[in-house]
Amino acid sequence: TNQLFTADGHAYLKMPASTMWSAGFIPKQASVEKPTSLATNGFVEITSDKYVVSTNLAVFQNKVQVTETEDQQPKGGMTCSLLTVKFIGTNQLENMLAETNVVIEQRESDTTNQFVAARAFYTASNNIMELTGSPVWSAGLRQGKADLLLVNLQKNTLDARSNAWMRLPASELGQSL
């Protein structure tokens, strides 16, 4: 009657990726590959020690593991200790907050892209993910850090603010990015 669902102990939830998000966890490299088909055959699977789902809110606690799949193959993932997801309307994502030991990872062919932070906050209305708490990033041999990382998932951009540092392979210096 109160539209509340609780799973306690080895909690598992699977839903179509289009229900939660369509941009994925990490910006994709520009490519000429076929368009993503997450809307039809992509899923998000979440495991945790416990979760509570209500009308417009889902909270996942302890050992949270999120896996995004397409055609039953892993496309990306995230681990954290606490994940809070807010929805508006009919299961439309409003925002998502991952806290404590956040690791977001995506594998593309032979490259692994990764973000590590204490906190990741994603806002669906502008497709911006804000990483704080000593955030670092890596994309293959490239890596960097800053006090604040802002990732625009729609535009595939990364903005490193305050005390920014970056390392690139020497072969990439002077080349057009």
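Phi-derived couplings, Karplus 6.51 cos²θ - 1.76 cosθ + 1.60 at θ = phi - 60°, listed residue by residue for region 69-86: 10, 9, 6, 6, 10, x, 10, x, x, 8, 10, 6, 9, 9, 10, 10, 10, 10 Hz, with x used for Gly and Pro.
The portion of the accessible surface of region 40-177 made up by carbon and sulfur, rounded to a whole percent, is 48 (1.4 Å probe; DNA, RNA and ligands excluded). Here the spin labels are modelled as points 7 Å beyond Cα on the Cα-Cβ line, and at Gln114 and Trp165 they lie 1.7 nm apart. Between Leu13 and Lys86, the distance separating the two model label sites (each 7 Å from Cα on the Cα→Cβ line) works out to 1.6 nm.
Which order do the peptides 150-157, 80-87 come out in when sorted by mean C-beta neighbours inside 10 angstrom, highest first?
Details: 150-157: 14.9, 80-87: 19.0.
Going from most to least packed, we get 80-87, 150-157.
Classify region 100-167: rounded, prolate or oblate, from the alpha-carbon gyration tensor (a ≥ b ≥ c, eigenvalue square roots; a/c under 1.5 rounded; otherwise prolate if a/b is larger than b/c)? It comes out rounded by the Cα gyration axes.
Peptide packing: for 41-50, 4-13, 163-172, the average count of neighbouring Cβ atoms within 10 Å per residue gives the ranking 41-50, 4-13, 163-172, highest mean first.
Accessible area, 1.4 Å probe, largest first: how do Arg107, Arg161 sort? Write out the running numbers ahead of the final one.
Values: Arg107 150, Arg161 115 Å².
From most exposed to least exposed: Arg107, Arg161.
Using the heavy atoms of the protein chains alone and a 1.4 angstrom probe, what is the accessible area of region 126-177 per residue in square angstrom?
That works out to 65 Å² per residue.
Taking label positions 7 Å along the Cα-Cβ direction at both Thr123 and Asn101, the computed distance is 3.0 nm, reported to one decimal.
The values are calculated or read from the model by the stated rules, or taken from the named source; none is laboratory data. Keep in mind it's a predicted model, so treat the numbers as computed, not measured. Note that we place each Cβ from the backbone using ideal geometry, even for glycine, and neighbour counts take in every protein chain shown. These accessible areas exclude ligands, DNA and RNA; they are computed on the full protein's heavy atoms, side chains included. Shrake-Rupley method; radii C 1.70, N 1.55, O 1.52, S 1.80 Å.
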